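Participant: Take this structure, written in structure tokens, and hold onto it; I'll ask about it next.
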Amino acid sequence: MPGTDLSSLKKLYVVRLPADQRGVERLIADRLNVMGYQATAGEAVNTPADIDAVVTYQDKWMWDITMYMIELNVQVRQPKTQAALASGHSLRTSLVRKSPPEMVAEVLTDLFKKHP
Amino acid sequence: MSARNQFCIPGLVTALVVTALCLGGCATATQTAAMAPKTEWHVNKNAGAVTIHVGGGSETSAMGASKIADEDFAKAIQQAIADSGLFAKSEVNGSGDYRLDVQIARLQQPMFGASFTVVLETTWRLSRQSDNAILWEKPVVTNFTANMSDAFVGVTRLRLATEGAARNNINDAITQIGAIALK
């Protein structure tokens with residue numbers, strides 16, 4: 001949400017996208033831990049009761065000689081209402097592709113920079 | 001025909017066709033006017049002023065897909081508020097008695113297909129500036145499908161679907177806000 005302050009968030013839970021078989025939720029949780037948050041990841045039904053926010057994502061992949069992540073969207077949501085507090089996005093076509101961990105870092109850095 | 005012309009003319013024609021295809025295939029940004037709903041509004045009208053703030057949008061890259069920019073979405077919301085009379089006055093990133101925050105949370109766009117269905121998820125929050133009381137907050141998810149009959153060129157079809165999803169989103173939210181009695 002414009003002007004939302006995310007600095008009070010400490011415990012985050014990354015919900016695995018059901019169609020994702022590449023472990024992107026783990027990449028997001030790992031990056032959040034590096035950024036100083038207490039992040040875990042797993043299925044939606046296992047969402048802990050004591051978290052400050054839920055993190056969701058949508059990844060899109062393309063093939064160009066090899067498979068690569070072309071787009072990543074990430075949302076930080078209120079745990080009870082699922083209302084989106086903030087969102088981040090990265091789109092990288094084949095010639096400027098980055099690895100999934102780099103895409104995750106790019107999106108999360110931008111997301112939290114806009115909502116310090 | 002000389003050997004040189006045998007290759008030059010077809011080569012020139014090919015280059016022109018490729019250029020035309022490239023230009024026809026470049027994405028353009030969603031338009032404010034196309035995102036503002038054209039409907040008969042039935043809302044509770046308020047005498048106060050509202051300031052509109054939008055976040056989470058992105059600029060459109062010519063080589064990518066049509067995206068929704070914060071400013072364009074905000075202006076479309078402003079247009080809807082003006083057309084409906086929901087508030088007597090509205091400003092984008094200005095001041096007012098009320099504040100309307102909208103977060104563009106998710107824009108789901110297909111990459112291939114004869115028909116494109118775009119899904120847009122936003123979160124809307126209306127608060128009163130005097131005491132920061134949240135009067136209304138809700139996620140709004142809408143979609144729109146553009147078919148081959150709407151546009152043959154894929155990037156245009158995608159832009160139309162994106163504008164349609166945005167238009168439906170604004171329509172839904174303004175209608176819901178217009179149903180509550182603000183104090």
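Participant: Of the residues A:Q82, A:Q75, only one is buried (at least 22 other Cβ atoms within 10 Å of the Cβ), more than 16 Å from A:K11 (Cβ to Cβ) and among the polar types (S, T, N, Q); which?
Facilitator: Criteria check complete, one pass: A:Q75.
Participant: Kindly indicate whether B:A47 is exposed (fewer than 14 other Cβ atoms within 10 Å of the Cβ), at pLDDT 90 or above, in contact with a strand residue (DSSP E or B) (Cβ under 8 Å, 6 or more places away or on another chain) and not in a loop (DSSP other than H, G, I, E, B).
Facilitator: The answer is yes for B:A47.
Participant: Oh, and also: Which one of the conditions (1) small (G, A, S); (2) free of Cβ contacts under 8 Å to residues at least 40 places away in the same chain; (3) closer than 26 Å to A:A86 by Cβ does B:G113 fail to meet, given that it meets all the rest?
Facilitator: Looking at each condition in turn, B:G113 falls short on (3).
Participant: Here's something else I'd like to know. Could you tell me which residue of segment B:99-108 is nearest to the other protein chains (Cβ to nearest Cβ), considering only residues that are surrounded by fewer than 22 Cβ atoms within 10 Å (Cβ to Cβ) and in contact (Cβ under 8 Å) with a residue 40 or more places away in the chain?
Facilitator: Per the criteria, the residue is B:D101.
Participant: I'd like to check something: does segment A:40-49 contain any residue that is without any contact (Cβ under 8 Å) to a residue 60 or more places away in the chain and within 29 Å of B:A62 (Cβ to Cβ)?
Facilitator: Checked segment A:40-49: no residue is without any contact (Cβ under 8 Å) to a residue 60 or more places away in the chain and within 29 Å of B:A62 (Cβ to Cβ).
Participant: Take the conditions exposed (fewer than 14 other Cβ atoms within 10 Å of the Cβ) and over 22 Å from A:E102 (Cβ atoms) and apply them to A:A44. Does it pass?
Facilitator: Against the criterion (exposed (fewer than 14 other Cβ atoms within 10 Å of the Cβ) and over 22 Å from A:E102 (Cβ atoms)), A:A44 qualifies.
Participant: Against the conditions (1) within 14 Å of B:I177 (Cβ to Cβ); (2) assigned to a loop (DSSP other than H, G, I, E, B), where does B:G64 fall short? Just the number, please.
Facilitator: (1)
Participant: Which residues, taken from segment B:136-157, are touching a residue at least 40 places away in the same chain (Cβ under 8 Å), surrounded by 15 or more Cβ atoms within 10 Å (Cβ to Cβ) and outside any helix (DSSP H, G or I)?
Facilitator: If the condition is that a residue be touching a residue at least 40 places away in the same chain (Cβ under 8 Å), surrounded by 15 or more Cβ atoms within 10 Å (Cβ to Cβ) and outside any helix (DSSP H, G or I), then B:W136 is the only one that fits.
Participant: Still on this structure, please answer the following. Among the residues of segment A:69-94 satisfying the criterion of being within 10 Å of another protein chain (Cβ to nearest Cβ) and more than 24 Å from B:D101 (Cβ to Cβ), which is nearest to the chain's Cα centre (by Cα)?
Facilitator: In this case the residue turns out to be A:E71.
Participant: Residues being in a strand (DSSP E or B) and either in contact with a helix residue (DSSP H, G or I) (Cβ under 9 Å, 6 or more places away or on another chain) or away from every other protein chain (no Cβ under 11 Å) (or both): count how many of those fall in segment B:109-135.
Facilitator: 12
Participant: Write out, first by first residue and then by second, each pair whose Cβ atoms fall under 7 Å of each other, whose residues are 6+ apart or on separate chains, and whose first residue, in segment B:169-182, is among the charged types (D, E, K, R) while the second is surrounded by fewer than 23 Cβ atoms within 10 Å (Cβ to Cβ).
Facilitator: What qualifies is B:D172/B:V140; B:D172/B:T142.
The values are calculated or read from the model by the stated rules, or taken from the named source; none is laboratory data. Bear in mind the structure is a predicted one, so any value in this text is a computation, not a measurement. Positions of Cβ are generated from backbone atoms using ideal geometry, with glycine treated the same way; all protein chains shown enter the neighbour counts.
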